[in-house]
Structures are given as C-alpha cells and as structure tokens.
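The values are calculated or read from the model by the stated rules, or taken from the named source; none is laboratory data. None of the values given here were measured: they were computed from a predicted structure. Glycine also receives a Cβ, built like all others from the backbone with ideal geometry; neighbour counts cover every protein chain displayed. Accessible surface is based on the protein model in full, side chains and every heavy atom, while ligands, DNA and RNA are left aside. Shrake-Rupley method; radii C 1.70, N 1.55, O 1.52, S 1.80 Å.
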Amino acid sequence: MYFLPLLTLLALVLIFAPNEAAEMVEENNRVKGIIGAIVDNTSRVGKEQRVAMEMAVHDFNEYSSNQTRLLVDLQLRDSRRQPVHAALAALDLINSQQVQAILGPQTWEETSLVADMASRNQTPILSFADAIPKWAAERFPFLLQDSTNRYAQMKAIAAVVQSWEWHQVTVIHEDIDSSATAIIPHLFEALREVGAEISQVLALPPFISSTLTQELEKLKRSQCRVFIVHLSLPLAEQFFERAKNMSMMEKDYVWIATDSFTSLVHSITASSISSSIEGIVGVKSYISEKEQKFQDFYGRFRKRFGSEYPEEDNHEPGALAVQAYDAVASVALAISENKQRNQTLLQSILLSDFDGLTGKVQFNNNNVTPAVYQIINLTGRSYRELGFWTDGLGFSKTIDDSANYNSSMKYLGQVFWPGAPWNAPRGWAVPTDTKQLRIGVPIGSEFKQYVNPEFDELGNAISFHGFSIELFKAVVSELPFYLPYEFFPYNGSYTDLVKQIYLKEFDAVVGDVAIVAKRLQYAEFTHPYTESGLVMIVPLEKSANKALLFMKPFTKAMWMLIGIVTIYNGFIVWLIERNHWHELQGSPVHQTGAFLWLSFSSLFSLHGGTLHSNLSRMTMLVWLFVALVITQTYTANLASMLTVQGFKPATVDIESLQSSNALVGYSNASFVASYLKDVLRFNPKNLKGYTSLDDYDKDLKSRKISAIFLEVAVSKIFLAKYCKSFATTGPTYKVGGLGFAFPKGSPLLPSVTEALLKVSESGKLRELETSMIASETCMDLDVDDDISSLSPSSFWVLFAFSGCWS
C-alpha cells in the first residue's frame, strides 16, 4: 500500500531534479557582490533608505539576470544612531560578511568610526552624512561622501539672505561635530561673500533640554530676527513647537531651514507641529519628478513602504531615499565593471557615470555635486514650491532650457512669512540687552564745527554736536538694523585715538579723523565723507604799481594799431572834407592840428552835422561802430582787472617758502606735520603747530608765519570765517579725507559704508556741509576793501598827463 506513493515521489524527483540541478549550477557560476549598509531603523530617514536600497538591489539583480553574471546581496545593519553600534555593525560586515563596500551611516560621528575600520581593510564607504570635514578625505582614503554639496547649499541660503537685504543671521544647529566643522564654515564664507554675517550661534543637544527656553529667551531679546536652522527632523519638530509657544513664529521673525529638515518635511503629518512651522523658508535638494524612471520608482516605493511601515501616515520617498537608491546602483555597477576592467572597486566607484533617479550621477572630487536646490515655503502640513536656485545662475521659476534667472529671490513671487505679513520682515528688532558700541570722539580739534563737545560744571563731556556727529547719526538711521552706541570723549592725538580701537578701548571712532596710511595699521575706515586733499593757505596782499593799470586792458601792439587806424581814418575824412570845411584849410600847421583833432575826436562823436560828403559820413559811421566795440571791450577788461587784481597771494608755491626758510603752520592734532616733513620735505625747524583758528589768523597777518597747511574739508571753515584776508594757492596734495574708523574686519564696516553712500546720494551730506559753512560769519569786516573803492593812486598818471599837457 506504500508502494504507489513511493513511485510517485520517485517520478517527481526524476522530472524536476535535472532543472533544479541546472539552476544550482547556474547560481554557483554567477559572481556575487556583497554590499553592506548601516542605517538607523528607528528614524524616518533610515526607514526610507532601507526600502530604497532593497528596491535598488532587486532592480539591479533583475536587470543583471538578463545582462551579466553578477548578483548583489545587501546586508543591512541597524546603527540606532549610536557611533558605537555603527562601529560594531561595520566590524561584523567587514569580518563576517566580507562586504565589498559599505553604505551609510547618516552622521559624521558614526561615519568617522566606520571609515577608520573600512580604510584599514581597504573597503570603500559611501557616507550619507550631511557634512564631512575636508581633512577626512586625506585621513580616510576609502571614504566617499554621497550627499549634496554643502557649500553650494550654503550659497543658496546666502542668496536668500541677500535677496531681502538682511545683514545679520543667527545660526541654530545640532551640537555635533559635523555641523561645527563643516556647515558653519561654509555658511560663514557664503554669507561673507554677500555682505552678511553670523551674529550668534546656538548649538542644541540632540535632545530637548531644560535650557532651551532660556536660550530662546536670549534670542528673543537680541537684535537679529533671521534664524538659519540646521537640525534633524525630530529635534526640529520639538524646537519649532517650543518657539511657537514662545511667540517666536510671529510677525518680524524669519526662519530658514536647511535640507536636513526640509528633505523630510513631506513626512510631517501631526497638526500640532504643522501649525508651528508655518512661514518657514526652506532650501531643499531638488529631485526631477518628471522622468518616467522616477515615476516608476515613486509608485513602487509608496506601495512597499506602506506595507512594511503601516504606522507611517505618509509613504512618499524623500531626497534621502532617492539618494540611497542611486548609491546602491553606483556600487553595484562598480562591482560589475570592476570584474571586467580588473581595477580596484574604489576606482570603479569614482568613475561612476550613469543616469540615476536624481539625474546624472558622477563623482567629482569624491563628492556627488548637484547644483540645483528647490526653494520651498512651508504652509502648515504642506509646502509651496516657490522656485529654484542654481549655483552660478541664481533664482528661477522653472528648471529647463527656457528658464529665466534672477539674482533675487523676490523674482519668485510672494512669500508666506511667519505671522502672515504682506511685506518681508526687516530682519531685526530693537534689542533689550544688546551691548552699546563705545565710540571715541576727539575733543581737541580746533574746528568745533566738526566736533563740538559740551561740558558740565566738572569738566565732563555730556553731549556732542557738529557736522561729523550729525552725519554719523544720519548714517545710523540708514542702517537696516538697530545699532546702539554711546559717545566717549578722548583728549589726545588723532593717531592715538585710532589706536584705541586696536587696544579695544573703543569700538569705533567718529570725528574729523583723516584717513592716512599710518592709522590703517590700527583700524579700517569707511569711504571718506569729505573732499580729500591738503591745501596751502597764505595771506592776501594789495597789488602794487596801479598807476599804469589803465594801460593793461590792451597790449602795446593793440594800442599802436588803434592809433594808426585812428589817424588813417582821420586822414581820409580830412582829404574828403578839406574843400568843403573851412576849419580844415589854412597853413600846414593849422591843417595838421585840425587833422589830428578830427582823427581822435571821431572816437567819441560822429560829427554828422559838420560833414558835407556822404563818403566821409559813411567812413565815420563804420569807424564809430568799431570804436564803440573797442571802447566797451576796454571798459569791461579794465573793470575785470580792477576786481581780480585787488589782492594777490603773498606766496604762490612751496619752493619759495622752502628757499626762504619761512615758518609754516599746521594743526597739532592732525597728521599734517609728518606729511610736511616726510613728503613735502620741509625743515622741521620751520614748522609750527597750532590749536586755535584765531592763532592762525593772528600770526598770518603779523607775518610770523608765511602759510598754513590744512585739509580741504577744514580749510573751507577757515576761509569762510576769514573771507577777505587769506586764499588758497598752489596745488592740492592728495590725502585720504575724513572717515569713520572701525576695527579691522568689522562686519559693521560694509553696512556703515553703504549707509554713508546712501546719505551722500540723497543730498543729506551736502545739506549738512552747506549748513556748516553758511553758519560761519566773516570776521574780516575791518579789512580795507580795495576791490570796491579806487584811490587816486590808480589814476595819478592820467591826471598828471592831463595837467602837464594843459
């Protein structure tokens, strides 16, 4: 009775055994590649990566069964997001499973331990860490970074900051080495290129601690309202919820998130957290979803992820899942090509060049570098796709050949900001605990129009006025952020005052401080806000020998020509009229006198009533017109000479001063003394310092000194006060002008310089300068105005000639 079943079983074995044996032989003849992967199975990222990598292995093996003899096996290990567990997993994969390459982990702390073991065993490792230090490639030659270009992403964030003209940001990151060593340096450099700076850095532990509320309170009291957040999804969710409770997701706040958060924003479903992230602007790795290859992956991923992780509400793949899929494909293809080309696996991976889900996959400098990022705007449980940012091109609304690019994010349209304001936040608020800038102000200047301190009864400066002070206040009002400051008096040389910035006694210097090379070793200056240059001022003296001034309007040749033409015209008239005019007849002596009288009197009279011939009348008419032009020209030229030549400079050049060893004056508080000695080569014994405008005036008029040298800016004040006694002469020597001083490398300097230019272009600077000069009243009321009144000495030659001739 048992015989029949045995025969049946035997028959089945005989039928199927050959086929199974053939498959076993085929299986053994195939080459196997073993890929290891270390992920965090407890996180959303790890779950997506696990499913994506398993799909990639399945797809490759299915393709390989028809094209090559290679099968790939995937060995997954759970890191639990702990560096020690990641290291133990790597040790098991290398020694027990003998994997040919390792994918992951997600953080640099885990990657650093795994990379050390992998490099010792010459096993390539493709890390998913968001940031790897530059030195890691040299220490771990088998380590490759399979993640986005962090510097390009930081440039995208900096472009967002620049678009809205924000100048200061606060960085909030997870307190792990990868952020401190890679993200922040890249962000600092990118912001510096667009004229912005990092004002504060807040490092948060991987878990929400009891000190978070205190830290947020500090941020709330500070000036900066632009926050760049680089946190993992779990930590970011808790952080933004706490910020929402503290009313920091309201109007005037700006939150910019990196793709460590935005790459998983699609998985946020809880309504409690969705209300806490409204208005956030995010920079997200771009995935082209139009390709059929991605569409196929998208549908299969949703189905598989939903079946394996039903507890997750959203089953869509993120950028990190797509990245993991392409990473497996890179290694699998490299293993296949490695067997054919007889080269190392690392070399094959570096030569990867294929079309993946994310586009073209190529390793450049050990890094896959996509250049396009998506700009998104979170609106509760979803987000708006505002547009794109492409490295080297800027912002665009689309990514295709017809895309139009713009350097400003404003081109992308309206943004939904926290608190739903219509206009973009200004990025700063009046702080409650910001330290005031200590600004040094000189009190020893003789030009009080620039800096004029007021003192109390005890001699303490209580307030400051003047052109430089008012200009600085106007500049501060143009800054796009609040800048608290306080003025402090300083009594000493201007160079020593600037040196106090270097010694950290002052944070800036405001006043009539000249920009000279010697002071640049201690500080940096804004653009000059006054006309630059150094001029020589000398006394005016009366012009000598005015007795013959009436001869000066015409040259000797002109006087001779006038005389010849006058006599010639008189001779022509005499010749025509001598037979009709009895006064022109008589003895030769009489006719000669009449002829000369007729010639010169024709300059002032037509003699129309005494002339008998039309020919003589026509001759006189033309000559009278010529005489009228000559007379008016003479009058105008003489008047001009009487005005201009009323006074002349006592000295016209520095050579005459140096050759005569004359004394010259300068301001004790300025740099002019060293310029006169080192550049213009004056003898130090011939230089005299001053501290008062009145002393300049007194010694110049008494000829104790022959000239003074002042900067152009202050010379206008001096000449406005003493308007009739002195004048500038000689060339203007180029120097730096006046400017505001700040510490070297100060982040405030570019903003202050820009604000100064705005004040200048608006006309406010010229208005202040004109008001300052107009306020000066000329003190030279007792000066004899030789230009207005002429004395007999100017005409004695004419009077003497007339009298003697008579």
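A crude spin-label estimate for the pair Gln122 and Ala557, with each label 7 Å from Cα along the Cβ direction, gives 9.9 nm. Converting phi to 3J(HN,Hα) with the Karplus coefficients 6.51, -1.76 and 1.60 and the offset θ = phi - 60°, the range 318-335 yields x, 4, 6, 5, 5, 4, 5, 4, 5, 5, 4, 4, 4, 5, 4, 5, 5, 4 Hz in sequence order, with x at every glycine or proline.
Within the range 172-252, report the GluC sites (Glu not before Pro) that DSSP leaves as loop and that have at most 15 other Cβ atoms within 10 Å.
Here the sparse-neighbourhood loop sites are Glu250.
Amide H to amide H distances under 5 Å link Asp507 with Arg438, Ile439, Gly440, where only residues 5 or more positions off or on other chains count and H is placed in the peptide plane.
How about the range 389-492: which GluC sites (Glu not before Pro) there lie in a loop by DSSP and see at most 10 other Cβ atoms within 10 Å? Don't skip to the end; give the middle numbers.
On the way: sites: Glu446, Glu454, Glu457, Glu470, Glu478, Glu486; in loops: Glu446, Glu457.
Passing sites in the range 389-492 are Glu457.
Highest mean first, the peptides 132-139, 155-162 sorted by other C-beta atoms within 10 Å per residue fall in the order 155-162, 132-139. From the largest down, the range 205-335 spans 55, 30, 27 angstrom on the principal axes of its Cα atoms.
Between Arg242 and Asp175, how high is the FRET efficiency from 1/(1 + (r/R0)^6) when r is the Cβ-Cβ distance and R₀ = 25 Å? Nearest 0.05. It comes out at approximately 0.95. Take every pair of alpha-carbon atoms less than 8 Å apart whose residues are at least six positions apart; their mean separation over the length of the range 117-261 yields a relative contact order of 22 percent.
Taking packing as the residue-averaged number of other Cβ atoms within 10 angstrom, the listed peptides 561-568, 124-131 run from highest to lowest as 124-131, 561-568. Each other residue within a Cβ distance under 11 Å of Phe525 adds +1 if Lys or Arg and -1 if Asp or Glu, for a net charge of +1.
The value of relative contact order for the range 447-545, using C-alpha pairs under 8 Å at least six residues apart, is 20 percent.
Please work out how much length the chain gains when fully extended from Ile564 to Asn41, using 0.36 nm per residue of separation minus the C-alpha to C-alpha distance, in nm with one decimal. The partial results should precede the final answer.
Working: separation 523, 0.36 × 523 = 188.28 nm, distance 11.74 nm.
Taking 0.36 nm per residue and subtracting the Cα distance, the gain is 176.5 nm.
The separation of the range 226-264 from the range 442-485, counted between C-alpha centres, amounts to 42 Å. Peptides 699-711, 672-684 ranked from most to least packed by the mean count of surrounding Cβ atoms within 10 Å: 699-711, 672-684. Taken along the Cα-to-beta-carbon direction at a fixed 7 Å, the label points for Arg302 and Lys32 span 3.6 nm.
Compute the signed sum of charges (Lys and Arg +1, Asp and Glu -1) over the other residues within less than 13 Å, Cβ to Cβ, of Ala424. Write down the numbers at each step before the final one.
On the way: positive: Arg225, Lys251, Lys410, Arg426; negative: Glu165, Asp252.
Counting the neighbours of Ala424, the net charge comes to +2.
Put a dot 7 Å past the Cα of Asp313, heading toward its Cβ, do the same for Ile773, and the two dots end up 7.1 nm apart.
Residues in the range 375-434 average 54 Å² of solvent-accessible surface per residue, probe 1.4 Å, ligands and nucleic acids excluded. On the basis of the beta-carbon distance and an R0 of 30 Å, Ser692 and Ile462 show a calculated FRET efficiency of 0.85. Computed from the C-beta positions of Trp135 and Glu189 and an R0 of 25 Å, the FRET efficiency is 0.90 to the nearest 0.05. Estimated at 0.36 nm per residue, the fully extended path between Glu62 and Glu165 surpasses their Cα-Cα distance by 31.8 nm.
Tell me, in nm to one decimal, what length is gained between Glu541 and Val679 on full extension, where the rule is 0.36 nm per residue of separation less the Cα-Cα distance? Let's see the in-between values first.
Working: separation 138, 0.36 × 138 = 49.68 nm, distance 2.86 nm.
That pair, Glu541 and Val679, stretches by 46.8 nm at full extension.
If contacts are Cα pairs under 8 angstrom and at least 6 residues apart, what is the relative contact order of the range 193-345 in percent?
About 18 percent, as a whole number.
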